[in-house]
Each structure stands twice: as C-alpha cells, then as structure tokens.
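Everything below concerns the one structure shown next.
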C-alpha cells in the first residue's frame, strides 16, 4: 500500500514542478490549471480511497490509515495556490491583493472548523511589510521599527490566544453556518438533537409537510438521527467510528445488496408473507429542505435525488435541498416492540436469505459496538431509576420498553414549557431527577439512554409524526403536518430486522392492554379513502392520539437572539462580497494580461487606437465629456482643474498626436508614443484623493474598455 501512496505523491510533485516552471509567464493559466487539477485529484483520490476501503475490509479485516488521504491533495495544491498568489502580490507590490488574501483567509478560517490566530497574524505582518515597501514610499528606520513592533505584539497575542478557547469566534462561526444553512434550505423548529432547544419543538403552527399515503396507519417520518450524546446534544456518529476495523464496512454491505436504510423492508420481502407496499409522497412547505423525511421502513426512493450519510441520515442533493420526493415503504400496523425476527434469520433457507443473514450479522456487530454506549455520568441515575428492581425473567425489547414507560409515567410528566437545565447540569439528569417535566425531546433522550444502559442498541430520532387519524379523515389520503406534529422518538435495532421506531412519550404509544389485544388480531392494513372506498373491516384498537399527554399543545413565544442573527447575516454578506471581488480581480487580471499580450503584436496605429479608446474611457469616468478633436481647449482646462498631474495644454498636444495618426495616417515617433502612454497613465489619478466609488470605477475600467 505504501507504494501506491508514494506513486501518488511523486505524480503530484511532478505535476506541480512543471506548473511552477511555467508559472511566471503564464500565471493566470497556472492558477486555473491548479484549481482544475485539485478537483480531478480529489475525485481520483476519493474513488481510489473507496476501492481501498472495500478491499481492505474484505481481505484483511480493516486497518486504519491504509488509504490515500484526500486532504493531502487539497492541502498541497492549496499551499501552492496561496504561494503563487502571494508571489504575484509581492512581484507587483500589490498591497490590495495582499489585504484581499488576508481577509479571505480570515473569512475561510472563521467559516471553517479551524481558527489559527498565529497564521493570520503572520499574514498581517507580511501585508504590513508589503504596504511599507509598495509605491514610492521611502523605507525609513522608523517605519521598519513600527512594522516590527506591531508584528511582535500581534504574534505575542496570537501565541497567547492559540491555547485558549474563544467562544465568541465559535459562536460567530456557528451563526454564519446556521444563517447560510437557513438561506439554502429554510428553517424549521426541530431542535436537531440540541436538548437546550427542546421547547422550540412545537413553536410553529405553520404547515411543514404535505404527506400523501396509500394506507391508513401511523407513520414516523425521520429527518434526523443522533448516535452520540455529548454536552446535552445528540450528534451523528463521528467519522472515527467508521474507521479502524470498520473501515469500508458500509461499502462492503452495499456490494452484498444490504442497506441499513432499507433493511426492514428487505427483511419483509425475504419473509414471504410481506405487507403490501405503501407509497408515501412528501411535499416540503416550511420544513427544512436539507433533510429527507422518510419512514424507517423505507424500501426505496422512487422520485427524488437523495444521498445517504453513513447509516443514519438521508439528504437532498440539490443546492437548495429537495422539495418533493416519493418513497415506498413496507411495514405492518403493529408497534415495533411486538416484532420478533423469523427463524430463517438464524437458519436461512434460500440464497437471498443467506446473503442477508451474513451481511446483517456484520452490521449487527457494528451496531452493538457503537449504539449501546450510554453516557457514563448518567449510568448511576439510569440504573437506579430503571433497572434496579427490574425483573429480567422475560427480558427483551418489549419488556425493557414497558419498564421504561412505567418509570417515566411515575417519575415525570409531559410538559411543552419545561425550563432549560442549568449550565452545569445534564438535561436528561435534570429532567429525570429535578424538573421532572419535559416534552418528547427529553422523553426520547431518556428512553435511548435507558435502553443503552440495559444493553439494547438505540439512537435518538427527530422528524414529524403522521397519526392514523389524519389519514382516516382525509378524502384522498393527503395530510398536512404542521409544526405541532414535530416529534422526537427512539429507534431500536431489532436483531435480524433493523432500525424501527419506539415511543415512550405519553399519548404516542399503546398501553399494555391494547398491546395484548393487538397480538390476537390479524395484521391488516386498510387503504386510504382514495384507494379503497370500503372503510368497514376488522376490529380496531384505539391508536395513540399523538397529542403529547394531558397538556394542550400551544405555540411558544421565544425571544430570538437578534445580535447573533445580525452577525450571521453580516458574515454572509462579507463572504459573498469577497467571492464577488475575487471573481472581478481574476477577470481584471485576465483582461490586463490579454491586452498586454495582444499589444506586443499590434502595429503602431493599432496601439494608438487602443490608447485612444482607453483614454476617452478614463476621461469619461472623471465626469468630463470629450471626443477626438471636439472642444479640445475646454476639455484641456477641465482635465487640468480635475487632475493636478495633467498640465495645461497637455491634452491638446496629445489630441494632436491622435489626429496625426488616426486622421492623417502618419505613424507616431517612439518619443511621441511614449508621451501618449504617459498621458494615459496620468489619467488614472494615482496621487489624487478619490472616493471609494471612483476608486472602483478606475480599478475596473479595463473591464469596461474591453467590451
């Protein structure tokens, strides 16, 4: 494997050396080639890394670090790109370009995951030195002393800040990210695993989703899952979990036809007596368009461009997310806790069952390794409340979940307006022992931790709950889910079957008597009114209402952090302005390079005509009307009054030179052409105090003249 890495490194080095050899005469082309090369190398590296992960997993069981790191490619090419830009700034003594590089790097570091004060200080120090030596400024001892002194103070501050946390920078970065996310995908009230935002769950009454289903049954539409609990927040499992001995596992499962997202549907298909396929159409209104809200029993996406994130999340591929999609799902009407895997899972009879069982055993091992870890600080409370007096004679998911529901019913009560936990308290522990009230977010979190403490793999889920009552009352099977239908629940991994939703929030689950009745009833699914007009049928058990207990759901009034949103908007505007400025600077550099390249091959008459075009464009930017041979005396006086560098009578002499060539067809002498070029240079007004608008007009005048 080291030979592959060495070959890639040598290939990159050879290409970069060739580019650097030609970087001076063809700088702009070099920059463009570097960007394209970075994209191509990233794609190649990603493809090779996927192949390597798969082969390593299958052949050797997996060893961390045996792939070509894509970050190496980006780091190497980015370093060369920054180096070339810096070289260009120094060679042209362009303090503005240096300032642009520093500001862009600052925004990039704030917007990204790393903020390195020392690196930014060194960039600033270099910019100070470049500014001191640019133009016609004299380099004095005093200037050097000031430059070195400021740089030393900034470096000392940066070294001191490097080892400390900067909450304000983290908050600014988070605000910028959240603002950009909201602009792209919209914003809903789901807390995204942050227990401190649990009270926002039912804040809105707007329509979030329009859902059409062909069957009458309750559906959990999952949009977020959290596998790791840290500092009061559920997050997706970190990338490190999928490395080491698990590297390439998900790719290998795909090659075996096994997908954790569609596992339960595949299980039903192999069982033989599978429920009918149900088609669910989702139209996003005011919910976030980033997530794909789909049931855990999903079979496939039949309409919509989506992508999988590990084994936990589904995301839309569009720049602004996804608004409409259709999924098929296969599930029964019985609650998940009543399901037990068929005997063929442990004793497969067909080729398809054998392949499924082998792949499922690999994924099950991974699930039990990573999804059974309860929070260490919560274990004493969880064991004392839930499992101290638990009778494990008939232990299983059904028995454990029944125990959790009993304890929560006796220990806490449902409330939409539960207060947030103190800063030094864990939200789950505070919910179970102090406040003893909370909504579905806290009920689901406590359920997941309690199941994990008992050795049952579980994870936290958020999304929207479609109760059966809404589909039954609909004329065509379409239901509008509002912010009041936002919900949080737990998902358990049922051995041999997959991830399925379970609920412990009051009003969202069947009581023990109803569950016993359901065991004896046939598992029949009714069509919605638009599919099946015959609505008479088997005896029904009362479905959970989904109202969240005794308290009435009501909108919450939350004071928003105006300052944080303002900072996020300002940061976004600055970032967009920086990107626009970058595009304009690249265009300007290309136009100047192209004009200089063409000028070398022009005749004297062509060069004079080009200078004439630029000259009158610059004069018009100063607000002076001028044309060749028209009111030259008045134009000469206006220019001399506006630009101190233009002497009286100079415009009239240049106007005569232009008429000599353009009207008379007489070529200018070299000294006359130099006089013309010198006059055009003075029209830029480099030593004249100008407004920022005038500075922009003059800087990008070459773009206007090129049209």
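All of the numbers you see were taken from the coordinates with simple rules; none came from a lab. Predicted model, so just to flag it, every value in this text is computed and none were measured. All Cβ positions, even for glycine, are placed from backbone atoms using ideal geometry, and neighbour counts span all protein chains on display.
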From Cα coordinates alone, what are the radius of gyration and Dmax values for segment 229-376 in angstrom?
16.8, 48
Please find the FRET efficiency linking residue 641 to residue 102, where r is the Cβ-Cβ separation and R0 is fixed at 60 Å, and quote it to the nearest 0.05.
0.95
So for each of 477-489, 276-288 I average, over its residues, the number of other beta carbons within 10 Å; can you give me the resulting order with the highest mean first?
477-489, 276-288
One finds the C-alpha centres of segment 317-368 and segment 596-661 to be spaced, in Å, by 77 Å
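Quick one: which of 495-504, 467-476 comes out on top by average Cβ neighbours within 10 Å, and what's the full order, highest first?
Answer by packing, highest mean first, reads 495-504, 467-476.
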For q = 0.09, 0.12, 0.25 Å⁻¹, what log10 I(q)/I(0) does segment 602-705 give under the Debye formula with an equal point scatterer on each alpha carbon and no solvent?
-0.21, -0.38, -1.51
Size-normalised alpha-carbon gyration radius of segment 442-482, reference 2.2 N^0.38 Å:
1.72
Note the direction-averaged projected area, equal to a quarter of the hull surface, for the Cα convex hull of segment 646-707, in nm².
5.5 nm²
Here the Kirkwood hydrodynamic radius of segment 195-558, Cα-based and in Å, equals 21.1 Å
Extent of segment 286-330 along each principal axis, from alpha carbon coordinates, in Å, largest to smallest?
29, 21, 17
How many nm is it between the label spots at residue 391 and residue 587, if each spot is 7 Å from the Cα in line with the beta carbon?
7.9 nm
20 °C / 1.002 mPa s Stokes-Einstein diffusion coefficient of segment 429-513, Kirkwood radius on C-alpha pairs, µm²/s
148 µm²/s
